[in-house]
Amino acid sequence: MALHPYDLYDVRSQLSEEERAVQDAVARFTDERVLPIIGDAFDQGRFPKELVGEIAELGLLGATLPEDYGCAGLNAVSYGLICQELERGDSGLRSFVSVQSSLCMYPIHAYGSEEQRRRWLPDMAAGKVIGCFGLTEPHGGSDPANMKTFAKKDGGDWVINGGKMWITNGNLADIAVVWAQTDEGIQGFVVEKGMPGFAAQEIKHKMSLRASVTSALFFDNVRVPEANRLPNVKGLKGPLGCLTQARYGIAWGPIGAAIACLDEALNYSKERMLFGRPVAATQSAQIKLADMARRITLAQLLSLQLGRLKDAGKMQPQQVSLAKWNNCRMAIDIARECRDLLGGAGITTEHAAIRHALNLESVITYEGTETVHQLVIGRELTGINAF
Ligand SMILES: Cc1cc2nc3c(=O)[nH]c(=O)nc-3n(C[C@H](O)[C@H](O)[C@H](O)COP(=O)(O)OP(=O)(O)OC[C@H]3O[C@@H](n4cnc5c(N)ncnc54)[C@H](O)[C@@H]3O)c2cc1C
């Protein structure tokens, strides 16, 4: 029996019925709604906001949070599959879902009061309120402990001053989960659009994640009520806890991008006739394609095991680092090799490879650069912090 070219180890047979149904629903959405428009959206540097309602209806926002808050209550493996299938379309769309789910809804659920959960989560699950997450500052994202943004207590309010950089969804967002130093350590605040002194400015001229909004945020004496402070966490473990959630999903996403590129290159090389035979009939093309399938298979197995560990409550942040590093590296290399297999045709957004390759430049950088994740694993092995 022939193997599935993009699932050589039949990983799908290890999924539950519900997990398969989730994967199929998101795959259909990507095929029918994302792929027809995404090349143009990327060219135009436009986030396809018109898809947000459907993404919400499919239950993809805050998908692992409880149904009490209007969320789907899915498990971690399902969330991974959502990320994989969305990123088969485009990393920008997956980034939108990652930020809304793991970086905004997750901290409100994990660190917020019951009142805050009720106030924001149902509308965020419905896509009526869009969130962004402000951690990175202009002077160095890899070292978030060196945070300059400061929130000072003033009566019943907090006054925030500072700035954040490279913030996904910044100009789209109705609320921003912002991390700031305080006299009691780093704390999280929900800053609302329209609060005086709060501004977002879109970052232009991006060559990567063009179908996603990226912004700088500015805080000039922004007065935030105590009711908007997330009460249940203090210190860097707050934002780092969110990053572990987001990185988990990001580890799965690039598998989708890699499959999209392999699919395209496989079809192209079977049809492209050179020297009287299809490119796919040459040994060098087959070695390249086989090597891509090998790397995708390893990433699938790694990610499924990571998801099973997460669902069992046993996942460690270092394991997420290894998966994020491995899968981003795997996908960016495959996207570049597929671009090459397409020859000149590979340089336009008529084909997906270059779009994915360019997007993956962001994905391999954000949520901890490749180097940062390598140093996490190095520290795990040696016991020595080399940061
Ligand atoms: C498209 C996009 C969207 C993003 N979205 C968000 C968002 O929504 N919210 C948010 O808060 N942030 C976001 N980010 C920021 C992202 O997380 C940072 O860009 C990332 O953490 C790296 O920080 P930096 O860009 O300041 O690079 P730097 O930290 O300045 O790193 C520069 C270089 O130094 C290397 N380096 C770092 N530490 C070491 C070390 N100890 N030893 C050797 N080399 C080292 C890095 O690997 C890198 O190559 C986004 C970024 C991008 C590009």
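The values are calculated or read from the model by the stated rules, or taken from the named source; none is laboratory data. For clarity, every value in this text was computed on a predicted model and none was experimentally measured. Backbone-built Cβ (ideal geometry, glycine too); neighbour counts: all protein chains shown. Side chains included, ligands, DNA and RNA excluded: accessible areas come from the protein's heavy atoms. Shrake-Rupley method; radii C 1.70, N 1.55, O 1.52, S 1.80 Å.
Here is how the numbers come out for the structure above:
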{"item": "With DNA, RNA and ligands ignored, accessible area of Arg28 (1.4 Å probe; Å², nearest 10)", "result": "130 Å²"}
{"item": "Gain upon complete extension [Ala110, Arg20; 0.36 nm per residue less C-alpha separation]", "result": "29.6 nm"}
{"item": "Nearest-0.05 FRET efficiency for Met273 and Phe387, computed from C-beta distance (R0 51 Å)", "result": "0.45"}
{"item": "Peptides ranked, highest mean first, by Cβ atoms within 10 Å: ranges 171-179, 120-128", "result": "171-179, 120-128"}
{"item": "The range 78-119: C-alpha pair distances exceeding 16 Å, %", "result": "43 percent"}
{"item": "Descending principal axes extents, the range 237-387, alpha-carbon based, whole Å", "result": "59, 27, 26"}
{"item": "Built amide H within the under 5 Å cut-off of Trp158, gap 5+", "result": "Val224, Glu226"}
{"item": "Length gained when the stretch Asp311-Ala145 is fully extended (0.36 nm per residue, less Cα-Cα span)", "result": "56.8 nm"}
{"item": "Percent antiparallel among DSSP beta bridges (both partners in the chain, rounded to 5)", "result": "85 percent"}
{"item": "Protection proxy ranking, peptides 161-169, 328-336, 229-237, average beta carbon neighbours within 10 Å, highest first", "result": "328-336, 161-169, 229-237"}
{"item": "Label-point gap, in nm, between Glu32 and Asp220 - each point 7 angstrom along Cα→Cβ", "result": "4.8 nm"}
{"item": "Neighbourhood net charge (11 Å Cβ-Cβ; Lys/Arg +1, Asp/Glu -1) for Ala281", "result": "+3"}
{"item": "Mean Cβ neighbour count within 10 Å, used as a protection proxy, ranking 29-36, 337-344 highest first", "result": "337-344, 29-36"}
{"item": "Globularity index of the range 131-228, i.e. its alpha-carbon radius of gyration over 2.2 N^0.38 Å", "result": "1.04"}
{"item": "Pairs from Lys152/Lys237; Lys234/Lys310; Lys128/Lys234; Lys49/Lys310; Lys164/Lys314 whose Cα-Cα separation, in the structure shown, is over 22 Å", "result": "Lys234/Lys310; Lys128/Lys234; Lys49/Lys310; Lys164/Lys314"}
{"item": "Zero-based 10 Å bins, Cα pair distances in the chain, whole percents", "result": "5, 24, 33, 24, 10, 3, 1, 0"}
{"item": "Linear extension gain, Glu54 paired with Leu8, 0.36 nm per residue minus alpha-carbon span", "result": "13.4 nm"}
{"item": "Taking N as its residue count, the alpha carbon Rg of the range 287-375 over 2.2 N^0.38 Å", "result": "1.21"}
{"item": "Relative intensity, log₁₀ I(q)/I(0), of the range 1-114 from a Debye sum that treats every alpha carbon as a point, q = 0.23 Å⁻¹", "result": "-1.31"}
{"item": "Two-site label geometry, Glu380 and His205: point separation in nm, points 7 Å out along Cα→Cβ", "result": "3.8 nm"}
{"item": "Kirkwood hydrodynamic radius of the range 174-298, from inverse mean 1/r over distinct Cα pairs, in Å", "result": "19.1 Å"}
